[in-house]
Amino acid sequence: MWKSKNTPWAYRKGSTPLHRMPAGAKLVFLFFLSLAAFIPGPEPRSLVILLGLSLILILLSIIAGMCPKELLHGSGPLFLIVLSVFLIRVVGFSPPGFSFAGLFDTLLFCIRIGAAFAAGTLLFSVTTPGEIMKSLSRAETALGIKRLKLGLSLSLMLAFLKYFFEIWEDLNLAWKSRGGKNNLSHLVKLIPLLIEKMMIKAAETALAMEARGV
């Protein structure tokens, strides 16, 4: 059963050109797209690069049958953490006051994070973890490095990124159903539960792999 379309990084069944595109090609392209968002350089050039990446992601999301704004669904807590770190940096206690010297850098970093998050959302919206694993396995066989099991490790890592957002969405829905608000206590109470569930998921995955002789 596929996750709801409102779940971050969930697969969306379809037959668009992006769905039919080889998983390996999508993985490589979107990896370099995410990497391009963090290319260092002068601020004007960085803004031009990020604008170009944003336009590419918007176009690809439309081709995939998605509303562009859905690429950032579920990214709120991530941006909240980044902004919280920024606020800690700008607030001065001796003497009391604020320093906005790093405001532009923080906003630029948020855009970079947003571009990388959107690329990940797009990848998992049109590609299943199984397709990614098969593509990586074929690449390992072609390169003669199958015994290293790099494809398995990478596919598991990507799958855990997807599980992270699925578990977070479940916790978030449970929090809201009990009347919880989107404030600091929201993160303080849910993040430990998220870590616990991720550790349980990792242990279950390890046991399943051992049972299959991996």
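Sorting Met209, Met133, Met21, Met157 by the number of Cβ atoms found within 10 Å of their own Cβ, with the fewest placed first, yields Met157, Met209, Met21, Met133. In the calculated pair-distance distribution of segment 151-214, the portion above 19 angstrom amounts to 41 percent of the Cα-Cα pairs. When the listed pairs Lys13/Lys189; Lys134/Lys197; Lys26/Lys181 are checked against a 30 Å cut-off, the alpha-carbon distance exceeds it for Lys13/Lys189; Lys26/Lys181.
Laboratory data are not the source of any read-out in this text; all were calculated from the coordinates shown. Here the structure is a predicted model, which means the values were calculated and not measured. Backbone-built Cβ (ideal geometry, glycine too); neighbour counts: all protein chains shown.
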